[in-house]
Amino acid sequence: MNGYVIGIDIGGTTTAVGLVDRAGRLLAEATIPTRPDEAAVLLADRLHETIGQLRETLPHPAGPAGIGIGAPNANYYRGTVENAVNLRWGPSVNLVELFRRHYALPVAVTNDANAAAIGEQLFGAARGMRHFIVITLGTGLGSGIVVNSELLYGADGFAGELGHTVVEPDGRLCACGNRGCLETYVSATGICRTVLALMAKRCDDSPLRRIAPDALTAKDIHEAARSGDGIALEAYDATARVLGMKLADAVAHLSPEAIFLTGGFAASGELLFAPVKRYLETFLLGIYRGKVALLPSGLQEGTGGLLGAAALIWHELDRLGGRNG
Ligand SMILES: [Zn+2]
């Protein structure tokens, strides 16, 4: 199929929008503030205006073929964003309806981690794979699961929330209201909590002790670990152990060919990948050992959300085309 689609990546603070062709090339892109207190309909109106400006930069007047949207707590089946913590949109907003007011086009919506997974499948390092998991590591932990080349949505559309599986009953309080969720241990904020706990327990000096607790970032911990700081290294090891354990569970459920670690916190590289690989193999049932690749994203850093949203709608259009043809 020729032409281009509109990809939209809605985040808590900024929303990225881009025109993307079938090969995953970004023809034009822009970023606007999300304004989380504003009604969703106004964000849709502002995006419509921005899309108009982006289309004017194209050398041809052709219109888009569809719209793909990645957003927190988005439901593919219903086209809604439901109870998103960082957006004050209430219990449910139908994004598909909001965009159909402006465009008579296919519109598909899913959560950002699912979008990242389908982006990896169409444009990234999962090309040719039929079974894989994408873990997005940022402020939280998201996951997108692909089985038989299709995203797994489940009965209600919310399948694949590994970040809220329990690691520790009565453990750390999570933004979702439960305790002991995986993302409270394995994420940029999770490793900060781990470092604060280790500093309270251990007596050795560390450059991290000179940073105010509420100012500590995952980047500080990364730098300290790279210079050999014991507390930072122990925090990476503890984080990797929990992630390796939960990924081993996921392998038992899904038997994927590969697991991708993406997002800002995955940029820790081998500091994270090496111990996660080791722990994953340790916790795996023998029949899976040595068979599951642990890989970084094949997409250019920072483009995953936008390309993922575009990939979502390209995937829908490919399916529709296949059905009609
Ligand atoms: Zn949770």
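FYI, it's all coordinate maths here, none of it is from the lab. Remember, predicted model here, so these are calculated numbers, not experimental data. Neighbour counts run over all protein chains shown; Cβ positions are idealised from the backbone, glycine included.
As a rough footprinting exposure proxy, the listed residues 312, 284 were ranked by other beta carbons within 10 Å of their own, and the order from fewest upward is 284, 312. For the range 283-325, the share of alpha carbon pairs falling in successive 10 Å distance bins from zero is 21, 25, 25, 26, 3 percent. The range 260-325 and the range 183-234 have their alpha-carbon centroids 26 Å apart.
Placing +1 on the Cβ of every Lys and Arg and -1 on the Cβ of every Asp and Glu, with nothing else charged, gives the chain a dipole about its Cα centre of roughly 380 debye. The calculated FRET efficiency for residue 53 paired with residue 287, based on their beta-carbon distance and R0 = 56 Å, is about 0.55. Only Cα pairs under 8 Å and 6+ residues apart enter the sum, and on that basis the relative contact order of the range 78-171 stands at 17 percent. With respect to the chain, whose longest principal axis is taken over its alpha-carbon atoms, helix 112-123 is tilted by about 70°.
Taking all Cα pairs closer than 8 Å and separated by 6 or more residues, the relative contact order of the range 14-69 comes to 32 percent.
For the chain, the longest principal axis of the Cα atoms and the long axis of helix 188-201 meet at an angle of about 10 degrees. Note on the chain: Kirkwood radius taken over Cα pairs, Stokes-Einstein applied at 10 °C and 1.306 mPa s, translational D equal to 77 µm² s⁻¹.
Please report, in debye to the nearest 20, how large the charge dipole of the range 210-288 is about its Cα centre when each Lys and Arg carries +1 at its beta carbon and each Asp and Glu carries -1 there.
That gives a dipole near 40 debye.
Amide H to amide H, with H built 1.01 Å from N, residue 109 comes under 5 Å of 69, counting only residues 5 or more places away or on other chains. Taking every C-alpha pair closer than 8 Å and separated by at least 6 residues, the mean separation divided by the residue count of the chain gives a relative contact order of 20 percent. The overall shape of the range 246-325 is oblate: from the C-alpha gyration tensor, with semi-axes ordered a ≥ b ≥ c, the ratio a/c is 1.5 or greater and a/b is no larger than b/c. Between the helical axis of 40-56 and the longest alpha-carbon principal axis of the chain there is an angle of about 70 degrees.
Annotation for the range 47-121 versus the range 243-258: alpha-carbon center distance of 30 Å. Per residue, the chain reaches -12000 deg cm²/dmol at 222 nm when only DSSP H runs of four or more residues are counted, each adding -39500 (n - 2.57).
Using only alpha carbons, the range 1-157 has a radius of gyration to Kirkwood radius ratio (Rg to Rh) of 0.95. Charge dipole (Cα centre; +1 on Lys/Arg Cβ, -1 on Asp/Glu Cβ; no other charges) of the range 65-176 amounts to roughly 360 debye. Maximal additional length on extending the residue 196-residue 23 stretch stands at 57.8 nm, based on 0.36 nm per residue less the C-alpha distance.
Under 26 Å of direct C-alpha separation, and excluding same-chain neighbours fewer than eight residues apart, residue 201 reaches these lysines: 219, 246. The label point for residue 300 and the one for residue 215, both projected 7 Å from the Cα toward the Cβ, are 3.5 nm apart. Run the reach check for residue 277 against aspartates and glutamates, Cα to Cα strictly under 12 Å, same-chain hits fewer than 8 apart removed. What comes back? Here the aspartates and glutamates satisfying the reach criterion relative to residue 277 are 237.
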